[in-house]
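Colleague: Handing you a structure now.
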Amino acid sequence: MRISVFGMGYVGTVSAACFAELGHDVIGVDVNPAKIDMINRGLSPVVEEGLDEAVAAGVKAGRLRAIADTAAAVLQSDISLISVGTPMGRTGAPMLDALDAVVDGIGSALRHKNGGHTVVLRSTVPPGTTEGRMLPMLAAKSGRDADNGIAVAFNPEFLREGCSVRDFRNPPFTIAGSPSAAGYEAVEALYSGVEAPFIRTTTGVAESVKCLSNAFHAVKIAFANEAGVLLKSLGVDAQEAMKVFCADRQLNISPAYLRPGFAFGGSCLPKDVSALVALAKAGDIALPFLSSVMPANDAHIDRALQAILDEGRRKVALLGLAFKSGTDDLRHSPFVYLAERLIGKGYDLAIFDRNVNASKLLGKNREFIEREIPHFDRFLISDLRRALDGAGMIVIGHASREDIAVLEAEHNGRPILDLQGVPALAELPGARYRSLC
Ligand SMILES: NC(=O)c1ccc[n+]([C@@H]2O[C@H](COP(=O)([O-])OP(=O)(O)OC[C@H]3O[C@@H](n4cnc5c(N)ncnc54)[C@H](O)[C@@H]3O)[C@@H](O)[C@H]2O)c1
């Protein structure tokens with residue numbers, strides 16, 4: 001393919017050299033003449049292991065060169081990749097002016113180009129940028145859209161500085177987000193020769209996965225460092241503890257607990273997070289990250305409360321009270337906290353949970369619920385149909401297949417707030433459905 005790459009920084013230079021290595025004809029474009037000059041002399045403008053060699057090989061083979069002229073680069077290529085910087089602005093939001101300048105230039109050039117062209121955004125941008133900002137700008141400047149051969153895509157880059165050439169050659173996956181088949185196909189053709197799963201998705205998902213990946217890496221580092229200082233203060237070998245911790249691929253290093261839904265609760269998670277925070281406080285160690293976990297969880301319960309208040313129905317049916325389905329454990333259940341707040345606000349609540357039977361609750365479980373919601377058995381209704389009777393709104397904490405079947409017949413178009421994100425609920429015919437995540 002004939003490719004133009006805009007922005008000869010860490011991402012752009014690595015991509016340009018590696019795409020040339022894959023056999024494509026690549027033109028690099030940058031506003032910095034020193035970078036253009038270096039590439040044309042077969043030198044990398046950034047320091048990266050293996051990159052000097054890759055740039056030199058591309059230039060020598062006649063498959064890589066750099067120019068400053070945007071229009072010429074667009075006219076001499078079929079696909080443009082944008083990898084200009086999106087640095088952090090004053091408020092923390094990324095600055096997109098370099099992106100806007102490049103899109104403006106590509107759009108103007110496309111007005112004078114015959115034939116189709118694909119524009120692939122590779123810079124890290126907020127979700128919504130490709131279709132909400134880049135595409136309309138491109139259409140306005142070029143006077144062309146998908147019907148006149150213009151395709152767009154978002155293709156994130158997951159390379160790590162220091163080993164970016166290796167990362168380019170062995171990515172975890174290649175993601176293409178696009179509103180059109182032409183967009184996916186162009187990105188897929190670019191990467192033929194790179195062995196990795198190819199994921200086609202929306203631009204919003206592709207943009208989000210890139211931002212979330214970096215946020216998650218940061219979260220992991222903050223977590224590991226806080227664990228490290230706390231354990232060290234307790235005389236525990238933190239390196240060994242984290243090594244063993246990471247050996248659990250079922251619950252720790254895994255997709256477990258990474259599904260957006262409702263707040264956590266139960267007898268273990270809140271207790272043990274609080275225990276670590278208390279231990280740190282006692283040792284005068286600041287753990288701002290772990291200390292923010294319980295407030296973050298409470299904020300999620302507040303979101304549910306607000307969504308119910310916004311609906312303005314005073315009588316609410318709540319399905320699910322135990323901290324998760326299939327148990328009657330009410331201890332620190334987020335649904336108990338939600339119910340308590342609703343009752344405190346004078347809401348008429350009908351609670352149904354097929355596993356919770358007031359007369360069978362014992363020990364700490366009974367103590368907890370009686371402390372949080374005195375006379376809670378007044379609110380508990382053992383029959384789902386009766387619980388739904390007269391309710392102006394239905395809130396789903398968790399629902400079994402049987403419950404969903406009853407809801408299908410009985411929701412009667414009442415608003416449903418699904419706290420867990422149960423796919424079958426979203427599809428109930430005629431339902432006024434919403435979820436938190
Ligand atoms: N650095 C990484 O490891 C990495 C990894 C993945 C994604 N990203 C993302 O990729 C993007 C680029 O990052 P980077 O580290 O390569 O940035 P960088 O600052 O190293 O390079 C950006 C380049 O864009 C050029 N540029 C600016 N305006 C231009 C214009 N109008 N026309 C042509 N070129 C122009 C600059 O001169 C510079 O050479 C960012 O959004 C970043 O968040 C970076």
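Colleague: Quick one, can you get me the convex hull of the C-alpha atoms of region 2-201 expressed as volume per residue in Å³? All intermediate terms of the calculation are to be shown ahead of the outcome.
Modeller: Values: hull volume 22.2 nm³, N = 200.
In region 2-201, the Cα hull volume divided by residue count equals 111 Å³.
Colleague: A follow-up question, please. Here is the link list: Lys232/Lys281; Lys281/Lys364; Lys271/Lys345; Lys60/Lys210. Which ones come out longer than 22 Å on Cα distance?
Modeller: Working: Lys232/Lys281 14 Å; Lys281/Lys364 27 Å; Lys271/Lys345 27 Å; Lys60/Lys210 33 Å.
Cα-Cα > 22 Å for Lys281/Lys364; Lys271/Lys345; Lys60/Lys210; rest within.
Colleague: Can you give the Rg to Rh ratio for region 269-364, taking only C-alpha atoms and Rh from Kirkwood?
Modeller: Values: Rg = 16.2 Å, Rh = 15.3 Å.
Ratio of gyration radius to Kirkwood radius for region 269-364: 1.06.
Colleague: Of the candidates Asp418, Asp237, Asp147, which one comes out as most mobile in a Gaussian network treatment of the chain with C-alpha springs shorter than 10 Å?
Modeller: Largest GNM mean-square fluctuation: Asp147.
Colleague: Ala241 to Asp377: FRET efficiency via 1/(1 + (r/R0)^6), r the Cβ-Cβ distance, R0 35 Å, to the nearest 0.05? All intermediate terms of the calculation are to be shown ahead of the outcome.
Modeller: Details: r = 44 Å, r/R0 = 1.25.
The computed FRET efficiency comes out at 0.20.
Colleague: If we restrict to alpha carbons, what Rg and Dmax does region 67-175 come to, in Å?
Modeller: 14.7, 42
Colleague: Further, regarding this structure: Please sort by residue number the trypsin sites (Lys or Arg not before Pro) in region 60-96 whose DSSP state is loop and whose Cβ has at most 10 other Cβ atoms within 10 Å.
Modeller: Here the sparse-neighbourhood loop sites are Arg90.
Colleague: Along the positive direction of the dipole of region 370-437 (beta-carbon charges: Lys, Arg +1; Asp, Glu -1; about the Cα centre), which of Cys437, Pro423, Gly397 reaches farthest?
Modeller: The residue sitting most towards the positive pole is Cys437.
Colleague: How large is the translational diffusion coefficient of the chain in µm² per second when you combine the Kirkwood radius over alpha carbon pairs with Stokes-Einstein at 37 °C and 0.692 mPa s? Mind dumping the intermediate values first?
Modeller: Working: Rh = 25.5 Å.
Here the translational diffusion coefficient equals 129 µm²/s.
Colleague: Next question. For region 296-435, what number results from the quotient of the Cα radius of gyration and 2.2 N^0.38 Å? It would help to have the intermediate numbers written out before the result.
Modeller: Working: Rg = 13.9 Å, N = 140, 2.2 N^0.38 = 14.4 Å.
Here the answer is 0.97, to two decimals.
Colleague: Tabulate in residue order the Karplus-calculated ³J(HN,Hα) for region 169-186, using 6.51 cos²θ - 1.76 cosθ + 1.60 with θ = phi - 60°, rounded to whole Hz; enter x for Gly and Pro.
Modeller: Those phi angles translate into 6, 10, x, x, 6, 10, 10, 10, x, 7, x, 9, 4, 4, x, 4, 5, 5 Hz.
Colleague: Out of residues 5 or more away from Tyr433 or on other chains, whose amide H comes under 5 Å of its own, with H placed 1.01 Å from N in the peptide plane?
Modeller: So Tyr433 has HN proximity to Ile416.
Colleague: On to the next question. For Phe289 and Arg434 in the same chain, what is the full-extension length gain: residue separation times 0.36 nm, less their Cα-Cα distance, in nm?
Modeller: Working: separation 145, 0.36 × 145 = 52.20 nm, distance 3.06 nm.
Taking Phe289 through Arg434 to full extension adds about 49.1 nm, to one decimal.
Colleague: In deg cm²/dmol, rounded to 500, what helix-only [θ] at 222 nm does the chain give when every DSSP H run of at least 4 residues adds -39500 (n - 2.57) and the total is split over its residues? Write down the numbers at each step before the final one.
Modeller: Values: 18 runs with 191 residues, N = 437.
Computed mean residue ellipticity for the chain: -13000 deg cm²/dmol.
Colleague: Oh, and also: I'd like the FRET efficiency for Ala296 and Arg166, computed as 1/(1 + (r/R0)^6) with the beta carbon distance as r and R0 of 30 Å, rounded to 0.05. Mind dumping the intermediate values first?
Modeller: Working: r = 36 Å, r/R0 = 1.18.
Computed FRET efficiency for Ala296 and Arg166 comes out at 0.25.
Colleague: Over every pair of different alpha-carbon atoms in region 116-195, take the mean of 1/r and invert it; report that Kirkwood radius in Å. Walk me through the intermediate numbers first.
Modeller: Numbers: mean 1/r = 0.0738 Å⁻¹.
Hydrodynamic radius (Kirkwood, Cα pairs) of region 116-195 is 13.6 Å.
Just so you know, all these numbers are worked out from the coordinates, no wet-lab data involved. Predicted model, so just to flag it, every value in this text is computed and none were measured. Positions of Cβ are generated from backbone atoms using ideal geometry, with glycine treated the same way; all protein chains shown enter the neighbour counts.
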